[in-house]
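Working notes, beginning with the structure itself.
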Amino acid sequence: FLKKKITVLYKNQSDFEFFYRNKNFCLELIRNFKDVKFINLEKKIIKKVDNSYKKYFLNILRLNQLKKYFGSKKDFLCILYLEKKISNYKYFKSLNQNNINVVEIFRGGDLREAKYFFNSDFFDIIKKIYKIFLVNINFFVFSISYYLNILPKTNILFHYNKDSKDQAGYCFSDSYKTSVTYILKKFFLIKKLFFDKIYLINPRSCDEVKKKNYEKKYVIFLDSCFDHKDRHEFDKKPEIKDKINYYKEIKLTFKNVKNFVFCVHPNTNMDELKIYLKGIKFIKFKTRDYIKKSKLVFFHESSSILDALYLNKKIILLNSNYLGKYFKFRSFLYSKELNLKTFNLSKINHRIKISKLLNNNKIHYRSNKKVIYSVNSNKRGLQTVINILKKYIS
C-alpha cells in the first residue's frame, strides 16, 4: 500500500506543454501510483491536455491556496520542476513548513553551459554584470537557507551527470561555472547540504526511443524557436527584418526538398509560420515521431537532437547570420562537442552545397559521439525513478 500522494509542481508552461515534454514520465506516474496530481503554479491555458488526463491537472495561483492544498498532513511526495531562484523561494519555503518530501528529476541530457550576454555595447555589459551578481546572490541566499533548514533538503535527486558537484551547481543555474559559486563550490556544493540521496540515471532519449529499423523517409529540421525567451534574456530581442530573412533562408534551402518537414518548437508561433514558411510542411508536437523516420536531421540548437544522436542519425549543424550571438554560441557548443559538419544558411555557396548533398543522396555525416553523457545499457532511467519512488513511499 502506497501511503503518500504524489504532487508535481511546475511553472512557465501550459499543462499541454508540460505533458508533451514529459509524457512518458506523466503516464508512468499515473499508471503506477493511485493519487497523482500535476499542479501548474501559473495560469497558462494556451492548450489543454486531452480530456482523459484533465482530472490529474490543477491550477493553483496563490501560495495560500497551495498551503491549503497540502494542509497539515505529511502524506505528500512533491516532485519539483521549479528553478532554484528567488522568485520561487516562497514555494520551497512553503514545502519545508508543511514537511513535504521533495524529489527533483533531471532527465534532459542536453548540453549545459554558461548563459551570459553576447552583445558588447555598454548597456549590455552592465546587464551582464548585474546578471552575474544576481546568479551569485541567488546561490548564496539558497545555500544559507538550506544550511539554516529554512528550505527543504531534496530527499532524492535523479540526475544524468556523474559529477555530483555539477549536479548541484546546474540545479541552480547553467551559469554556475563562470561565477563565484564555481570558485566556492568545494565549500558550498556539498551533496548533503542540498540532497540526501542522488541516483544516476540515463538521459531521457535512452529511455524513450527504441532502437529499431525505422523507415528512413524524411529530411527534417529541428526548430530552435527564433524568438526563444533565452535569446531575449541573454542576447537581445530579434528584429522583424531578421526573422523575415531567416525564414526566407529556410524556404530557399528546403522548399524543393522531397519529404522535408520543419519540426516546430513548442514555443514557436504557428500562425507566423503559415506566413513565413508558406509551401513548407511543418508540424508541431510530433518531433520525436519524425526523428525516428528521418534519413537526415538539420538543427541549430535543440534538446531533441539527443533522440537523433541516440538513434545514430545523419546530422548536419546549421548557422545563420540572423540567429544572434546567443544561438551561435549554443550552436558552437554542439559543433565542438559532437564534431558536426556545419553550414551557414546566409552563405549562398553553403546553400548550394546543401542542395547538392540532398540531390546526390550520398550524405555520410554523423556525430563522432552517439550521446553526450554515458549510458548504462542495463537500466532504463525512468524505470529506475519509478522503482525507487515506490520503495520510498511504501
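The values are calculated or read from the model by the stated rules, or taken from the named source; none is laboratory data. Just so we're clear, the structure is a prediction, and the values are computed from it rather than from any experiment. In this analysis, Cβ positions are derived from the backbone assuming ideal geometry, glycine residues included, and neighbour counts consider all displayed protein chains. Heads up: the accessible areas ignore ligands, DNA and RNA and are worked out on the full protein's heavy atoms, side chains in. Shrake-Rupley method; radii C 1.70, N 1.55, O 1.52, S 1.80 Å.
Which ones in the range 275-310 are open to solvent by 10 Å² or more (accessible area, probe 1.4 Å) and of a type in the set (A, V, I, L, M)? Passing the criteria: ILE275, ILE280, ILE283, LEU306.
Just for helices (runs of 4 or more DSSP H) wholly inside the range 1-107: which have at least 1 residues that are of a type in the set (Gly, Ala, Ser)?
Values: elements: 15-21, 23-32, 63-70, 89-97.
Helices (runs of 4 or more DSSP H) meeting the threshold: 89-97.
Whenever a residue of the range 77-88 is farther than 14 Å from TYR146 by Cα and open to solvent by 60 Å² or more (accessible area, probe 1.4 Å), it has no partner that is part of a helix (DSSP H, G or I) and of a type in the set (Lys, Arg) lying with C-beta atoms less than 6 angstrom away and at least six residues away or across chains. Taking the range 246-267 as the range and being modelled with pLDDT of 95 or more, under 14 Å from ASP227 (Cα atoms) and either assigned to a strand (DSSP E or B) or of a type in the set (S, T, N, Q) (or both) as the test, only VAL264 passes. Entry remark, the range 52-67: residues being within 17 Å of ASP35 (Cβ to Cβ) and of a type in the set (Lys, Arg) number 2 in total. Within the range 11-31, being over 13 Å from VAL49 (Cβ atoms) and either in contact (Cβ under 8 Å) with a residue 12 or more places away in the chain or within 16 Å of the chain's Cα centre (by Cα) (or both) holds for LYS11, ASN12, ASN24, PHE25, GLU28, LEU29. If you go through the range 1-21 and keep only what is within 18 Å of VAL385 (Cα to Cα), in contact with a Phe, Trp or Tyr (Cβ under 8 Å, 6 or more places away or on another chain) and open to solvent by 10 Å² or more (accessible area, probe 1.4 Å), you end up with LEU2, LYS4, LYS5, PHE19. Pairing each residue of the range 125-153 that is over 20 Å from GLU104 (Cα atoms) and without any contact (Cβ under 8 Å) to a residue 40 or more places away in the chain with any residue that is open to solvent by less than 50 Å² (accessible area, probe 1.4 Å) and assigned to a loop (DSSP other than H, G, I, E, B), provided the two are 6+ apart or on different chains, yields C-beta distances under 6 Å for LYS127/PHE117; LYS128/TYR116; LYS128/PHE117.
Any chance the range 343-365 includes a residue that's open to solvent by less than 20 Å² (accessible area, probe 1.4 Å) and of a type in the set (Val, Ile, Thr)? Yes, that holds for at least one residue.
Going through (1) at pLDDT 85 or above; (2) buried (at least 21 other Cβ atoms within 10 Å of the Cβ); (3) in a helix (DSSP H, G or I) one by one, SER205 falls short only on (1).
Do you know which residues across the range 218-229 are open to solvent by 20 Å² or more (accessible area, probe 1.4 Å) and touching a helix residue (DSSP H, G or I) at 6+ places or on another chain (Cβ under 7 Å)? I'd like the intermediate steps shown before the answer.
Step one: filter the range 218-229 for residues open to solvent by 20 Å² or more (accessible area, probe 1.4 Å), giving 218, 227-229.
Within the range 218-229, just TYR218 meets the criteria.
LYS115 meets each of the listed conditions (1) modelled with pLDDT under 90; (2) touching a Ser or Thr at 6+ places or on another chain (Cβ under 6 Å); (3) outside any loop (DSSP other than H, G, I, E, B) apart from (3).
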